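Okay, so here's the structure we're looking at.
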There are 2 protein chains.
Amino acid sequence: MNHANNLALLTDLYQLTMAQSYFQSRKLEPATFSLFIRNYPPHRGYFVCAGLEDVLRYLVDFAFDGGSLDYLHSCRLFADEFLDFLKGLRFRGEMWAIPEGRLLFKEEPILEITAPIVEAQIVETFIINQINLQTLIASKAARCVHAARGRALVDFSLRRTHGIDAGLKVARCSFLAGFSATSNVLAGQRYGIPIVGTMAHSFVCSFEREIDAFRSFVASFPDNSTLLIDTYDTLAGARSAVEVAREMAARGGRLRGVRIDSGDLASLAREVRKILDEAGLSDVKIFGSGGLDEYDLASLSEANAPYDSYGVGTKMGVSADAPWFDMAYKLVEYNGRPVLKLSTGKATVPGKKQVFRFADGRGQLERDMIGLRNEEVAGSEALLQKVMEHGKPVGPRPSLKEIRDRFLQEISRLDEKTRAICNPRPYPVELTPKLSHLRDKIEEQVTQTQ
Amino acid sequence: MNHANNLALLTDLYQLTMAQSYFQSRKLEPATFSLFIRNYPPHRGYFVCAGLEDVLRYLVDFAFDGGSLDYLHSCRLFADEFLDFLKGLRFRGEMWAIPEGRLLFKEEPILEITAPIVEAQIVETFIINQINLQTLIASKAARCVHAARGRALVDFSLRRTHGIDAGLKVARCSFLAGFSATSNVLAGQRYGIPIVGTMAHSFVCSFEREIDAFRSFVASFPDNSTLLIDTYDTLAGARSAVEVAREMAARGGRLRGVRIDSGDLASLAREVRKILDEAGLSDVKIFGSGGLDEYDLASLSEANAPYDSYGVGTKMGVSADAPWFDMAYKLVEYNGRPVLKLSTGKATVPGKKQVFRFADGRGQLERDMIGLRNEEVAGSEALLQKVMEHGKPVGPRPSLKEIRDRFLQEISRLDEKTRAICNPRPYPVELTPKLSHLRDKIEEQVTQTQ
């Protein structure tokens with residue numbers, strides 16, 4: 001499970017074969033690569049930038065260790081002088097990026113790297129791997145937060161995230177996008193995210209009677225018990241919870257909440273609320289869970305189902321309706337020469353870029369323009385910042401909490417129609433006249449040259 | 001990125017709160033948990049077991065280190081005597097499992113753990129996390145292999161797998177299910193999987209002319225070059241590849257192949273094949289890629305598109321049409337008492353189990369029965385084997401290559417209609433009369449008790 005020593009090998013083989021060819025033909029001039037998302041998946045109208053912190057750490061640590069070089073040697077593909085070169089290779093380039101937690105729209109560069117082409121190319125695989133995953137999850141989680149209309153959400157996804165790394169990153173990125181807590185204890189330790197838990201059906205089943213399970217649990221957690229009431233019959237479970245809550249009250253304690261994890265969540269919550277209220281337990285919270293996503297949360301909000309908070313698991317943790325983004329890392333400039341590709345459906349825009357964001361007088365987001373890095377676009381905010389120079393991080397390294405605050409601030413400035421869970425209104429993004437002109441010019445040149 | 005020291009914390013908080021409650025109420029009797037998949041996603045008719053090796057390693061290494069205990073202490077949820085208990089806690093239980101690479105059908109236990117309830121419960125999250133991911137990917141990859149009808153497949157998914165761990169496990173599980181190689185260099189090192197690579201569009205773009213890129217690459221890899229020909233115009237690219245192949249032949253070399261990554265893959269391959277054949281280059285292979293999944297591969301096979309092999313990436317690597325399984329780890333016996341839950345849509349079957357597989361006279365798989373662990377079912381093969389006893393692995397630990405061979409052997413025994421990419425015929429699975437009777441009896445008891 002220890003990947004720390006050889007993350008440089010976590011790459012596609014062609015990055016290394018291309019690197020050898022560049023090295024052998026002495027093509028070591030600077031190249032600029034641009035990372036962006038080509039298209040929205042269905043029902044997506046915005047993305048949430050995430051993953052930059054892990055990319056910075058990877059670039060700082062980038063190096064091939066002895067075991068990695070031995071393995072590459074054993075592949076019989078690489079020349080000794082190239083392996084010597086790899087041994088000394090470190091990332092010494094420059095990176096510009098949109099900070100984590102800011103909104104991103106399609107075709108906008110989320111980051112751009114400028115470095116000798118071998119360095120800039122070889123890091124592609126890891127960069128896409130992390131930015132794609134973290135942006136994917138932050139974007140999905142943001143939709144859940146919006147749909148829940150102020151009710152607190154807890155990340156419950158660890159058991160069905162795609163592996164260990166995803167489990168940690170999902171906890172990080174759902175918190176970044178406004179979740180309140182996670183069930184993932186290691187993520188709690190690593191990222192300082194509040195951790196939350198209730199109980200499982202197996203706990204209830206392990207006792208002969210449901211109410212005995214409830215009594216045992218509240219004895220261990222007198223201040224912090226949420227009882228799972230749907231193992232056998234949800235309404236009977238609610239009545240048992242009332243009985244236990246009264247026993248607690250008699251001892252001076254208080255039941256925190258009950259959890260419903262199956263069945264018709266909206267109508268069950270109403271019946272359970274009634275049972276609790278009629279027993280004078282209106283301060284006992286109802287926690288909902290069970291395969292929820294933003295579409296379910298929107299329905300529950302619409303129905304005014306009396307939940308106080310929700311656990312959101314699998315479908316958020318794998319971004320079930322859109323488990324990947326069409327994210328690409330493309331060469332846009334080589335040795336000062338803007339370049340592009342024309343592949344069907346995958347054409348690119350040349351040159352080093354900047355994204356300019358316009359707001360109205362009240363601070364509401366109006367539109368973005370993608371332009372050249374060195375353009376000045378009056379009345380706009382330039383989003384890409386220099387975050388690395390000569391291989392060293394520069395500028396602020398915000399905490400996760402600061403990133404979360406920045407996200408919550410910016411999303412409040414986005415039009416409700418663009419935030420819609422279904423069929424969002426497209427946010428206006430266009431190229432500046434200068435960039436548009438450059439693209440047309442290079443496209444013409446390329447077509448004539450080939 | 002180093003998770004090795006504190007994987008015990010990679011769990012849901014409720015596993016630890018339940019554990020404290022069990023510990024404090026001295027509930028330390030043995031429990032049996034059963035892991036299974038409740039339902040097929042659309043178009044799935046079978047699963048491929050995978051992930052057991054990582055579970056064995058996790059259980060052997062399971063322990064809370066000092067930093068983990070310090071963190072748990074800081075949460076102010078846990079009693080000191082419970083944290084002392086956790087400090088000494090190791091997994092000392094028993095595990096039965098269906099070996100990796102064997103076929104699995106819905107509701108069949110893929111593994112069962114028997115241990116004191118704290119031990120058996122606390123490991124749930126990691127076990128589901130790994131078995132869900134690896135079985136998911138092996139099952140998806142098996143469909144791709146079937147659809148490709150004998151053409152070799154290469155895993156190209158690393159850049160869009162959900163993080164680092166998933167990238168490694170996808171390489172492992174796609175190879176297990178019959179893929180020939182991966183582009184993932186670290187997976188090549190770790191698992192001994194053959195690694196394969198071609199070139200990227202950026203390589204072509206970094207040269208002023210496409211043909212210069214081709215010449216540079218073949219100079220570095222005279223025996224092992226696959227040229228990417230779709231950066232600007234696929235047919236023009238094919239003609240440039242012909243020119244370079246002739247230059248190589250004049251030097252005594254040979255171009256290995258060309259790759260098409262965009263456009264109408266079937267018709268482009270036919271035109272490219274014609275260009276190559278007319279140039280006397282019928283031994284130059286055509287490699288296809290570009291967002292392929294089993295549905296695309298089936299269409300290309302159906303159309304007899306002249307590809308020799310394919311790169312299969314994102315949609316396999318995230319199992320895009322079914323990015324999670326409805327996999328559950330449920331208590332089925334506590335202290336010798338069979339248990340179940342009745343939650344709506346999530347009812348379980350009690351008792352320690354075994355799966356019995358029946359084949360016809362030619363070895364073709366006919367049907368399975370799920371029965372009690374200690375049943376003898378004549379004429380069938382019992383699938384669950386004891387793989388761990390007193391916390392130590394027992395029995396064979398097959399190599400990845402052996403698991404792959406076992407899978408390829410067993411899948412060849414499964415009816416074509418059950419293997420179908422769309423609308424597969426359900427494979428017959430039923431409960432033995434003994435298990436069926438036990439379920440009815442316990443259900444009645446539970447209903448009366450609560």
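Values in this text are rule-based calculations from the coordinates and carry no lab data. What you see is a predicted model; the values in this text were computed from it and never measured. Note that we place each Cβ from the backbone using ideal geometry, even for glycine, and neighbour counts take in every protein chain shown.
Some observations on this one:
- Shape class of segment B:198-288 from the alpha-carbon gyration tensor: oblate, with a/c at 1.5 or above and b/c at least as large as a/b.
- Under 5 Å, built H, 5+ apart or other chain: amide partners of B:Arg367: B:Phe358
- Rounded to the nearest 10 degrees, the angle from helix B:13-24 to the longest Cα principal axis of chain B is 20 degrees.
- Overall, segment B:198-288 carries a charge dipole of about 280 debye about its Cα centre when +1 sits on the Cβ of Lys and Arg and -1 on the Cβ of Asp and Glu, all other atoms neutral.
- FRET E, pair A:Asp308, A:Arg367, Förster distance 56 Å, beta-carbon r, rounded to 0.05: 0.90
- Ordering of B:362-374, A:54-66 by packing is A:54-66, B:362-374, highest average first (other Cβ atoms within 10 Å, averaged per residue).
- Relative exposure of B:Thr432, B:Thr226, judged by other C-beta atoms within 10 Å (fewest first): B:Thr432, B:Thr226
- A full extension of the chain between B:Gln445 and B:Cys75 corresponds to an added length of 129.2 nm, given 0.36 nm per residue minus the alpha carbon distance.
- Cβ-Cβ distance of A:Ser180 and A:Lys434, R₀ of 41 Å, FRET efficiency by 1/(1 + (r/R0)^6): the value works out to about 0.40.
- The mean sequence distance of close C-alpha pairs (under 8 Å, at least 6 residues apart), as a share of the length of segment A:198-288, puts its relative contact order at 27 percent.
- Here the 3J(HN,Hα) profile of segment B:158-165, calculated from phi with Karplus coefficients 6.51, -1.76 and 1.60 at θ = phi - 60°, is 3, 5, 10, 5, 7, x, 6, 4 Hz, Gly and Pro shown as x.
- Net charge of neighbours whose Cβ lies under 10 Å from the Cβ of B:Pro338, counting Lys and Arg as +1 and Asp and Glu as -1: +3
- Among the residues of B:204-212, the average count of other protein chain beta-carbon atoms within 10 Å of the residue beta-carbon is 6.
- Helix B:433-449 axis versus longest C-alpha principal axis of chain B: approximately 60°, rounded to the nearest ten.
- Taking chain A and dividing mean pair separation by its residue count, relative contact order in percent (alpha carbons under 8 Å, at least six apart): 22 percent
- For B:Glu100, the shell of other residues with beta-carbons less than 14 Å away shows a net charge of +3, using +1 for Lys and Arg and -1 for Asp and Glu.
- For peptide B:220-229, the mean count of partner chain Cβ atoms within 10 Å of a residue's Cβ comes to 3.
- DSSP beta bridge pairing in the protein assembly as shown, given as percent antiparallel to the nearest 5: 65 percent
- Rounded to 5, the percent of DSSP beta bridges in chain B classed as antiparallel: 65 percent
- Crossing angle, helix A:124-148 versus chain A [Cα axis fit, 0-90 degrees, rounded to tens]: 40 degrees
- Label zone (B:Asp415, point 7 Å along Cα-to-C-beta; backbone nitrogen cut-off 18 Å) within segment B:44-69: B:44-47.
- Mean ellipticity per residue at 222 nm, deg cm²/dmol - from DSSP H runs of n ≥ 4 across chain A, formula -39500 (n - 2.57): -12500 deg cm²/dmol
- Unit Cα scatterers, Debye sum, the protein assembly as shown: log10 I(q)/I(0) for q = 0.06 Å⁻¹: -0.43
- Under 21 Å of direct C-alpha separation, and excluding same-chain neighbours fewer than eight residues apart, B:Lys330 reaches these lysines: A:Lys315, B:Lys27, B:Lys106, B:Lys341, B:Lys346, B:Lys352, B:Lys353, B:Lys386, B:Lys434, B:Lys441.
- Centroid-to-centroid, using Cα positions, segment A:174-206 and segment B:204-263 are 52 Å apart.
- With the simple model of a label 7 Å out from the Cα in the direction of the Cβ, B:His390 to A:Asn335 spans 6.9 nm.
- Projecting the Cα positions of B:Cys49, B:Phe33, B:His73 onto the charge dipole of segment B:27-107 (unit charges on Cβ atoms of Lys, Arg, Asp and Glu, taken about the Cα centre) puts B:Cys49 furthest along the positive direction.
- Residues in segment B:238-253 carry Karplus couplings, in order, of 5, 5, 5, 5, 4, 4, 5, 4, 5, 4, 5, 4, 4, 9, x, x Hz; the curve used is 6.51 cos²θ - 1.76 cosθ + 1.60 with θ = phi - 60°, and Gly or Pro positions show x.
- Only the Cβ atoms of Lys and Arg (+1) and of Asp and Glu (-1) were treated as charged; on that basis the dipole of chain A about its Cα centre amounts to roughly 440 debye.
- Partner shielding of A:180-189 amounts to 6, given as the average count of beta-carbon atoms from other chains within 10 Å of each residue beta-carbon.
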